[in-house]
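Step one of this worksheet: look at the structure below.
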Amino acid sequence: MLTAPVDVTDAQAVENVARQLGETTPLDLVVISSGAWHPVKPTEFDPAAFAKAVDVNFMGVINVLSAVVPLMIERGGGHVAIVASVSGYRGLPNAAAYSPMKAALINLTESIRPQLLRMGVHVTIINPGFVDTPMTAVNKFPMPFLMSAETAADRIAKGLISRRYEIAFPTRFVVMLKILRILPNPLFFWIINKFILK
């Protein structure tokens, strides 16, 4: 495994690092885990929080993809994995700057996967629930099914080895949120008001 510090919001820096790493060894697997979290309440909209979410959570991923995917296509193989979140399944309270970016990543992955597969490049979406990291440590609300970083890493590693399209965990939380995704809007908003916004 090779690592290199880089600001994912700097497209040129990302391209330089990808080129340098590609000269050292073929890029077989690139895991893009680019995330910034800042809770946003509707009464306290902060444009800076949204701008950062777009730059880091979405465009940061785009910058990495644009740097590594052409190298993989050129050599006829590779695997990119994008870390999104189960919060991308449906808009959730106080996540107005976060959930939309993760939903965009899920949609992006669905969009690019079929064509990249034809060129030998596998694409995986990783949708974790709450993982015990410095990013979630700032949360003041209960985090259901909170998982250790080590357990999450193990789940991700096993999913990547099998080249699964979606790696999502913990299972109970994923099932709950996927059910919310397919519910009619009136029922979804009733559940949010009844059980989440107490």
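Per atom type, the chain shows carbon and sulfur on 61% of its accessible surface, probed at 1.4 Å. Going by alpha carbons, how many degrees (0 to 90, nearest 10) lie between the helix axis of 99-118 and the longest principal axis of the chain? It is inclined by approximately 40 degrees. Any idea what angle helix 171-182 forms with the longest principal axis of the chain, computed on alpha-carbon atoms, 0 to 90 degrees, nearest 10? Between the helix axis and the principal axis of the chain, the angle is about 70 degrees. Couplings 3J(HN,Hα) for the stretch 10-23, derived from phi with the Karplus relation 6.51 cos²θ - 1.76 cosθ + 1.60 (θ = phi - 60°), are 9, 4, 5, 5, 4, 4, 4, 5, 4, 5, 5, 5, x, 6 Hz, where x marks Gly and Pro. Helical runs (DSSP H, four residues minimum) scored at -39500 (n - 2.57) apiece and divided by the length of the chain put the mean residue ellipticity at 222 nm at -14000 deg cm²/dmol.
Rounded to the nearest 20 debye, the dipole size of the chain about its Cα centre is 920 debye, using +1 on the Cβ of Lys and Arg and -1 on the Cβ of Asp and Glu.
Each Lys and Arg Cβ is given +1 and each Asp and Glu Cβ -1; about its Cα centre, the stretch 1-92 then shows a dipole of about 280 debye. Computed from Cα positions, the angle between helix 60-75 and the longest principal axis of the chain comes to roughly 30 degrees.
Summary value for the chain: 19 percent relative contact order, contacts being C-alpha pairs under 8 angstrom separated by 6+ residues. As a length-normalised measure over Cα pairs under 8 Å and 6 or more apart, the relative contact order of the stretch 84-194 settles at 27 percent. Separation of the stretch 50-114 and the stretch 145-197, taken as the distance between their Cα centroids, equals 17 angstrom.
Shown in residue order for the stretch 36-44 are the 3J(HN,Hα) couplings computed by the Karplus curve 6.51 cos²θ - 1.76 cosθ + 1.60 at θ = phi - 60°: 9, 10, 8, x, 10, 8, x, 8, 9 Hz (x for Gly and Pro).
Were the residues from ASN139 through GLU44 laid out at 0.36 nm apart, the gain over their Cα-Cα distance would be 32.5 nm. Between the amide H of VAL30 and those of HIS79, VAL80, ALA81, distances stay under 5 Å, these residues lying 5 or more places away or on another chain, with hydrogens modeled in the peptide plane. Taking a straight line from the alpha carbon of LYS194, these lysines sit under 23 Å away, with near neighbours fewer than eight places off in the same chain left out: LYS41, LYS140, LYS178.
Add +1 for every Lys or Arg and -1 for every Asp or Glu among the other residues with Cβ under 14 Å from the Cβ of VAL14, and state the total. With Lys, Arg at +1 and Asp, Glu at -1, the net is -3. Per residue, the stretch 1-143 exposes 52 Å² of accessible surface when a 1.4 Å probe is rolled over the protein heavy atoms with every protein chain present.
The values are calculated or read from the model by the stated rules, or taken from the named source; none is laboratory data. Just so we're clear, the structure is a prediction, and the values are computed from it rather than from any experiment. FYI the Cβ positions are ideal-geometry reconstructions off the backbone, even for glycines, and counts take in every protein chain you see. Just the protein is used for accessible areas: all its heavy atoms, side chains included, with ligands, DNA and RNA removed. Shrake-Rupley method; radii C 1.70, N 1.55, O 1.52, S 1.80 Å.
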